[in-house]
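The values are calculated or read from the model by the stated rules, or taken from the named source; none is laboratory data. These figures come from a predicted structure and were not determined experimentally. Every residue, glycine as well, gets a Cβ built from its backbone with ideal geometry; the counts of neighbours run over all protein chains shown. These area figures cover heavy atoms from the full protein model, side chains too; ligands, DNA and RNA do not enter into them. Shrake-Rupley method; radii C 1.70, N 1.55, O 1.52, S 1.80 Å.
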Amino acid sequence: MHELGIVVEVVKQVEELAKQNNVDKVIELTIEVGEVSGVIKEYFEDAFKWFIKKSEYMKECKLVYVPIQGISYCEDCKNTYPTTKYGKECPKCHSSHTYLVSGQEVLIKDIKVQNKEN
Ligand SMILES: [Zn+2]
């Protein structure tokens with residue numbers, strides 16, 4: 001499953017940050033996921049819930065999932081358009097000289113933590 005691999009990577013990064021910053025618990029994680037990244041939200045959430053059970057810092061972490069629209073750019077007419085609606089072909093000039101400018105990424109956007117009391 002594609003989603004699980006991404007979850008593992010994201011959790012690893014967050015745990016690393018938690019360790020470095022002497023954090024007690026990560027209570028909320030916000031991620032931005034491009035709609036053409038191939039990630040399916042339900043699968044991602046399931047994989048996340050399952051995987052954090054084994055995590056030292058993230059056992060009770062809440063996931064905030066923010067979808068990012070896929071945007072393509074046309075080299076011929078400089079138009080930008082929503083990728084999922086029109087695909088590879090520019091809706092303005094019907095050129096196929098287009099490329100994706102956003103929507104493929106999976107980014108850690110925000111982390112809420114609880115610090116150790118000392
Ligand atoms: Zn165009």
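If you take the alpha carbon atoms of the chain and fit the smallest convex hull around them, that volume is 104 Å³ per residue.
Surface composition of segment 4-118: carbon plus sulfur atoms contribute 49% of the solvent-accessible area (1.4 Å probe, protein chains only, all chains present). The convex hull of the Cα atoms of segment 1-51, projected and averaged over all directions, covers 3.7 nm². Over the chain, accessible surface divided per residue gives 63 Å², non-protein components excluded, 1.4 Å probe.
All distinct Cα pairs of segment 39-107 go into the 1/r average, and the inverse of that average, the Kirkwood radius, is 14.3 Å. Between segment 32-87 and segment 88-118, the C-alpha centres lie 7 angstrom from each other.
The C-alpha atoms of the chain define a longest principal axis, and helix 2-20 lies at about 50 degrees to it. Taking the chain, the Cys residues with no second Cys beta-carbon under 4.7 angstrom are CYS61. Working from Cα pairs under 8 Å separated by at least six residues, relative contact order for segment 10-77 is 44 percent.
Local charge for GLU35 was computed over the other residues whose Cβ lies under 15 Å away, with Lys and Arg +1 and Asp and Glu -1, and equals -2. Within segment 2-118, antiparallel bridges make up roughly 70 percent of the DSSP beta bridges whose residues both belong there. Quick check: the angle from helix 41-51's long axis to the longest principal axis of the chain, C-alpha only, nearest 10 degrees? It works out to around 20 degrees.
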